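Just so it is clear, none of the values below were taken in a lab; they were calculated from the coordinates. Here the structure is a predicted model, which is why all the values come from computation and not from measurement. Every residue, glycine as well, gets a Cβ built from its backbone with ideal geometry; the counts of neighbours run over all protein chains shown.
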Amino acid sequence: MSKWDKGVDYETMYLRIVRHMRSPVAQRRPPGRGRKKKRFALACYDAILLIQLKNASRVSEAVRAFREYLVTKKSELEVQVSKKRKKELRKMIIPQEVLDMDCSICLDMLDVPEQRIIDNVKHYSKKQYDANTHSFRYSRITHLLRQGVDSAVIAKITHHSNVNFIRTYTQQKLADEILRNME
């Protein structure tokens with residue numbers, strides 16, 4: 001297992017985030033420190049993590065999708081892919097749990113630089129869920145692999161430019177599972 005793949009189980013983490021996002025503590029906006037420092041309800045960060053988890057995206061793509069959703073209220077969006085030299089868009093699906101939440105508590109995120117939100121989500125993910133955000137991306141990839149989705153299709157979904165990377169990763173995951181289950 002690499003340093004960014006913490007072996008996060010997709011279904012377990014999805015339910016854990018949803019449960020926390022719906023809790024009263026996550027719905028409250030923490031008091032701000034100083035006039036210029038904006039603080040967001042934890043449910044806003046949970047919503048971004050759910051978007052990332054569902055779409056196997058990078059955290060920056062999930063932040064872009066959530067911010068666009070706050071403005072458009074569209075459940076399917078196209079956002080710019082990170083780590084690409086040429087401008088490329090990818091489809092992002094907003095999970096039903098995010099569509100159902102009161103996003104008015106997150107509207108101030110539109111006034112904050114994207115990178116600050118990304119940094120906050122990364123910090124929150126480690127503190128709240130003991131996993132880095134890239135683990136969420138790869139937990140979905142592993143989940144898709146277990147469902148029998150071809151690695152070339154997974155590469156298309158995740159916008160990996162090199163199918164061999166996904167193929168190697170998924171083959172290693174499968175090999176590890178076979179090894180664990182051998183008698």
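For this structure, a couple of remarks:
- Given R0 = 25 Å, the distance between the Cβ atoms of THR12 and GLN171 translates into a calculated FRET efficiency of 0.60.
- Free-standing Cys, the chain [no other Cys Cβ under 4.7 Å]: CYS103
- For the cross-link pairs LYS83/LYS156; LYS87/LYS173; LYS87/LYS127; LYS54/LYS74, the ones whose C-alpha atoms lie over 23 Å apart are LYS87/LYS173; LYS87/LYS127.
- Percent of Cα-Cα distances greater than 21 Å, calculated over the chain: 50
- Screening the chain for whole DSSP H helices with an alpha carbon extent of at least 18 angstrom along the helix axis and a mean Kyte-Doolittle hydropathy of at least 0.0 yields 42-55, 59-72.
- 5 angstrom amide H check on GLU88, placed H, neighbours 5+ away: VAL81
- Legend: calculated FRET efficiency, GLN80 to ASN181, from the Cβ-Cβ distance at R0 = 41 Å, rounded to 0.05, equals 0.50.
- Separation of the range 57-126 from the range 140-183 is 25 Å, based on Cα centroids.
- Dipole moment magnitude, nearest 20 debye, the range 10-181 about Cα centre, only Lys, Arg, Asp, Glu C-beta charged: 680
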